[in-house]
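Participant: Here it is, the structure in full.
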Amino acid sequence: MSGAVGGGGGAGGGGSPYLGAAATASCNSAGSPYAAAAGGGAGVAGCLPARVLEHVFSYLELSDLMQCSLVCWHWNNILADENSEVWRSLSSRSLSDEALRSDILCNLPTYKGKLKAYQHALSSHDCSRNVYVKKNGFTLHRNPIAQSTDGARGKIGFSEGRHAWEIWWEGPLGTVAVIGIATKRASMQCQGYVALLGSDDQSWGWNLVDNNLLHNGEVNGNFPQCNNAPKYQIGERIRVILDMDDKTLAFERGFEFLGVAFRGLPKVCLFPAVSAVYGNTEVTMVYLGKPLDG
C-alpha cells in the first residue's frame, strides 16, 4: 500500500526539471559538460565554504539554481539540503504568506517540497472560465454560474513514475464533485450539472457525492468497494496515487488505503484534475511527490 510520501517524485511528459534530481558531476572533472556549463569549470568558486555559497544561492531564481546544481558535487550537495536558507529564501519569494503560514502545506516538511507543490498546483490557465485559482496558489474557487460544470487541470502532467497529491473540498459538494485525472484533450467545462471527469475516454474520476467511478461516460462501479462506504466529509483530505509504471490510479483517505480505482491507464501524459458544480465552493490540491511503499 502507498503511505508516506518522499520528496523526489519526478514528472513525466510536460514536467519541469528544475526541482528534479541534480546531475552528479565532479568539481575536478576536466572537460565535463557540467563544468563547461559553469563557464569552463567551477575553479575557486567550487571551493568556497558552504555558508558563503548558500548565501549567494539564496538570491538566485529557480532556473539559476537548477544550473548551479549541475556544476559540481560541492554545489550539488549544498543544494541537496531541502530546508536550507537557499530554499527558504526562494519559498518566501515564490509562495504566498497564506500558503506558508496556513495548514495548506502541512504535510510537506521541506521548503523545496513546498516549492515543488506550487510548481504542480492547479493551473489558472488550463481551466474553465468560471473558476480561478486564489492568491494562495493552491485553491480553486468556482464562481456561482448556473447550469455549468467546471474543472481544472494541474500545471504538470505525468507519463512515467509514481506520483501522489492531496485534494480536499472547502465548501459544499453539490450534486457532483469529481476528483481524478485527465489528458490534455479532456474538456474542462460543459453545460448542466454533470460528472465532467469521466464523461469521455480522456478522463477518469471518482464522484465523491455518490461514490461512483466514472470513465468514458459510464459508471465503473462503486468506490471504495465495501459495504456502507462512508460519504466524503468537507475538509477531509483524499490522497490520489498515480502509478504510471503499473498504469493504475488509487486513493487513500486519512491513513487508510482505499484500493486501486482504475487499471490499464494509457501511456499518455495524464494530469491531476477536478470538476465542480456548486457556486462559490473551493477545492485545494497539493502535490506531495513520490509515494513510498509501507
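Participant: Listed residues Ser128, Ser58, Ser69; which is modelled with pLDDT of 95 or more and of a type in the set (S, T, N, Q)?
Facilitator: Residue meeting the stated conditions: Ser128.
Participant: Among the numbered criteria (1) outside any helix (DSSP H, G or I); (2) open to solvent by 50 Å² or more (accessible area, probe 1.4 Å); (3) closer than 24 Å to Pro291 by Cβ, which one does Tyr118 miss?
Facilitator: In the conditions (1) outside any helix (DSSP H, G or I); (2) open to solvent by 50 Å² or more (accessible area, probe 1.4 Å); (3) closer than 24 Å to Pro291 by Cβ, Tyr118 misses (1) alone.
Participant: Here's another thing I want to ask about it. From the list Arg253, Arg237, pick out the single residue that is among the basic types (Lys, Arg), farther than 21 Å from Val219 by Cα and touching a Pro at 6+ places or on another chain (Cβ under 9 Å).
Facilitator: Arg253
Participant: Could I ask something else about it? Consider Gly137 carefully, then state whether it is assigned by the TED database to the domain that holds Ser199 and either at pLDDT below 95 or crowded, with 22+ Cβ neighbours inside 10 Å (or both).
Facilitator: no
Participant: If you check Leu90, Leu100, Leu65, which single one turns out to be under 22 Å from the mean Cα position of the chain (by Cα), assigned to a helix (DSSP H, G or I) and more than 24 Å from Thr284 (Cα to Cα)?
Facilitator: Leu65
Participant: Let me ask another. When you scan the range 155-172, how many residues do you find that are farther than 19 Å from Ala195 by Cβ and either open to solvent by less than 50 Å² (accessible area, probe 1.4 Å) or in a strand (DSSP E or B) (or both)?
Facilitator: The qualifying residues number 10.
Participant: Residue check, Asp81 against (1) within 15 Å of Ser58 (Cα to Cα); (2) surrounded by fewer than 17 Cβ atoms within 10 Å (Cβ to Cβ); (3) in contact (Cβ under 8 Å) with a residue 60 or more places away in the chain, all met but one. Which one?
Facilitator: Every condition holds for Asp81 apart from (3).
Participant: Inside the range 190-283, counting only strands (runs of 3 or more DSSP E) that do not spill past its ends, which hold 3 or more residues that are open to solvent by less than 40 Å² (accessible area, probe 1.4 Å)?
Facilitator: 203-207, 212-215, 238-243, 248-253, 256-263, 271-276
Participant: Using the structure shown, decide if Ala250 is farther than 30 Å from Ile145 by Cα, in contact with a Leu (Cβ under 8 Å, 6 or more places away or on another chain), small (Gly, Ala, Ser) and at pLDDT 95 or above.
Facilitator: Yes; evaluated as a whole, the condition is true for this residue.
Participant: Separate question: Is it true that Asn136 is closer than 24 Å to Arg253 by Cβ and free of Cβ contacts under 8 Å to residues at least 40 places away in the same chain?
Facilitator: no
Participant: Give me the pairs: first residue in the range 239-268 and of a type in the set (S, T, N, Q), second residue buried (at least 16 other Cβ atoms within 10 Å of the Cβ) and in a strand (DSSP E or B), beta-carbon distance under 9 Å, and six or more apart or on different chains, which are they?
Facilitator: Thr248/Ile241; Thr248/Leu242; Thr248/Ala261; Thr248/Phe262
Participant: Only one of Asp200, Asp210 is under 23 Å from Phe158 (Cβ atoms) and without any contact (Cβ under 8 Å) to a residue 40 or more places away in the chain; which?
Facilitator: Asp200 is the lone residue from the list that is under 23 Å from Phe158 (Cβ atoms) and without any contact (Cβ under 8 Å) to a residue 40 or more places away in the chain.
Participant: May I ask you to verify whether Ser91 is under 25 Å from Phe158 (Cα atoms) and either charged (D, E, K, R) or crowded, with 18+ Cβ neighbours inside 10 Å (or both)?
Facilitator: yes
The values are calculated or read from the model by the stated rules, or taken from the named source; none is laboratory data. Since we're looking at a predicted model, the values are computed, not measured. Methodologically, a virtual Cβ is constructed for each residue, glycine included, from the backbone with ideal geometry; neighbour enumeration extends over all protein chains shown. What goes into the accessible areas is simple: the full protein's heavy atoms, side chains included, and nothing from ligands, DNA or RNA. Shrake-Rupley method; radii C 1.70, N 1.55, O 1.52, S 1.80 Å.
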